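Engineer: This is the structure, below, for whatever I ask next.
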Amino acid sequence: MPVLEQLLNDAGQVLYRMAMSQMHRTKRIFGVGIALLFWGSLTPSGLTQPIPTGWTHPAHPPARTRLPSARVSALVQLQGLEVPAPRTRGSARLPISALPGTSVYTVNGKLQGWSTQWLVDTGASTSMVATPVVNALGLQGQPIPNQRLSFAVAGNDCPNMDATLHQLPVLELEKVQVEGLRSLQFANTVIPAKLSGVLGMDVLRQFDLYLHPGKLTLSLLPPTLLPEDAIAAAIPLEQKLGVMVAQLHINDQGPFRVLLDTAADSTFISEQVATQLKLDAATLSPIQIRGFCGLENAMRSQLDTVTLHRYQRRNLDVVVLSSSILKVLKVDGILGQNFLRHYQQYWRFNSGAKKGSLLLVPLATSPSASGGH
């Protein structure tokens with residue numbers, strides 16, 4: 001076995017052992033999220049047939065016209081409203097599945113015996129529940145006055161956003177129990193693929209997360225400190241409005257601040273970053289994002305290199321987005337699964353210090369760093 005391959009294999013085994021060694025700890029960290037990212041989809045500019053609201057993605061699109069799925073249509077903030085953090089117990093190694101045609105992952109759970117399916121979303125600071133779940137369980141939530149909501153959206157067709165805050169019954173994720181989870185319901189929002197809801201950072205930050213795209217597993221583990229011998233390899237994370245951002249270099253320029261989002265199938269950058277990078281006009285093609293509030297114009301391109309700490313992908317597809325969402329978060333872009341899915345991921349969150357870390361190990365079966373689509 002070549003030396004580099006052996007080193008990567010050893011590193012993967014170390015991550016796995018670290019994850020499994022934490023399965024029986026009980027320590028917890030609490031925090032409150034205040035921001036929520038919703039859904040959108042991409043379509044070629046000028047498409048005559050409307051895209052149905054919700055998640056759309058062709059199962060077998062033509063090779064030269066395959067469109068990534070985007071989930072960046074709204075950022076919502078609750079103002080003057082304290083939302084207690086949920087309480088969690090236990091640890092578990094959960095099977096995950098990808099939404100059809102994407103690399104974003106879901107987990108199964110139970111609410112009062114009902115089988116449910118949840119999106120795993122580090123780009124959402126607050127969890128969200130679908131209206132059919134609310135109706136099935138007969139939940140009576142707390143309406144959120146419109147003046148307590150501020151939002152940035154893709155599209156221009158929503159003068160108001162009506163939200164209800166629900167306290168869910170105990171959510172069971174195999175041996176993990178989540179109690180007192182407050183989730184937002186939006187009357188006009190269609191959660192994709194008939195999902196039950198979105199598990200945001202209000203739940204995920206209670207754990208160390210070990211996500212293995214190759215084995216399709218997500219381990220929810222008791223929080224631990226980053227080992228000293230892993231500090232040099234770890235990607236530093238900083239909390240911003242309840243989600244985690246990191247430094248990214250693009251085409252040997254930067255650093256740029258980006259949101260790390262497990263539920264974004266694509267990577268996004270702002271128009272300002274695209275201008276700074278002097279992207280070749282020949283690589284740009286017009287598209288539209290169907291967001292929470294209608295359509296918004298964007299451009300699609302490709303980046304030569306994208307480097308997150310020590311980890312690099314080449315020829316990565318990117319969407320150039322002009323959106324108030326990036327402005328509100330004060331980030332330069334969003335790094336999605338077309339980068340992250342090539343790695344085992346061990347996420348740590350330190351809510352008190354508003355810091356965290358991410359350890360990556362390339363998948364043994366992952367394409368070379370030149371395959372970054």
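The values are calculated or read from the model by the stated rules, or taken from the named source; none is laboratory data. The model shown is predicted, which means the values in this text are computed figures rather than measured ones. All Cβ positions, even for glycine, are placed from backbone atoms using ideal geometry, and neighbour counts span all protein chains on display. Remember, those area values only see protein heavy atoms, side chains included, never the ligands or the DNA or RNA. Shrake-Rupley method; radii C 1.70, N 1.55, O 1.52, S 1.80 Å.
Engineer: Could you tell me which of the residues Leu204, Leu149, Leu181, Leu168 is at pLDDT below 90 and either open to solvent by less than 20 Å² (accessible area, probe 1.4 Å) or of a type outside the set (A, V, I, L, M, F, W, C) (or both)?
Structural biologist: Criteria check complete, one pass: Leu149.
So that you can scan it fast, the table gives a plain yes or no per residue for (1) at pLDDT 90 or above; (2) not basic (Lys, Arg):
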position	(1), (2)
Phe292	no, yes
Asp304	yes, yes
Arg314	yes, no
Lys327	no, no
Trp347	yes, yes
Gly352	no, yes
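Engineer: Which residue pairs have Cβ atoms under 7 Å apart, sit 6 or more places apart or on different chains, and have a first residue in segment 267-278 that is modelled with pLDDT of 95 or more and a second that is surrounded by fewer than 20 Cβ atoms within 10 Å (Cβ to Cβ) and not in a helix (DSSP H, G or I)?
Structural biologist: Cβ pairs passing all conditions: Gln276/Gln253; Leu277/Asn251; Leu277/Gln253.
Engineer: Given the structure, is Asn338 more than 22 Å from Met244 (Cα to Cα) and either at pLDDT 80 or above or outside any loop (DSSP other than H, G, I, E, B) (or both)?
Structural biologist: Against the criterion (more than 22 Å from Met244 (Cα to Cα) and either at pLDDT 80 or above or outside any loop (DSSP other than H, G, I, E, B) (or both)), Asn338 does not qualify.
Engineer: Look through Leu259, Leu226 and report the one residue that is farther than 30 Å from Phe186 by Cα, surrounded by 18 or more Cβ atoms within 10 Å (Cβ to Cβ) and modelled with pLDDT under 95.
Structural biologist: When all the criteria are applied, what remains is Leu226.
Engineer: Further question on the same structure: Here is a check on your reading of the model: is Val104 within 30 Å of Leu329 (Cα to Cα), aliphatic (A, V, I, L, M), in contact with a Lys or Arg (Cβ under 8 Å, 6 or more places away or on another chain) and modelled with pLDDT of 85 or more?
Structural biologist: Yes; evaluated as a whole, the condition is true for this residue.
Engineer: Counting just the residues of segment 312-330 that are charged (D, E, K, R) and out of contact with any Ser or Thr (no Cβ under 6 Å at 6 or more places or on another chain), which one comes out least open to solvent (accessible area, probe 1.4 Å)?
Structural biologist: Among those that are charged (D, E, K, R) and out of contact with any Ser or Thr (no Cβ under 6 Å at 6 or more places or on another chain), it is Arg313.
Engineer: Select, from Ala246, Ala232, the only residue that is under 13 Å from Leu358 (Cα atoms) and more than 21 Å from the chain's Cα centre (by Cα).
Structural biologist: Sole residue among the options that is under 13 Å from Leu358 (Cα atoms) and more than 21 Å from the chain's Cα centre (by Cα): Ala232.
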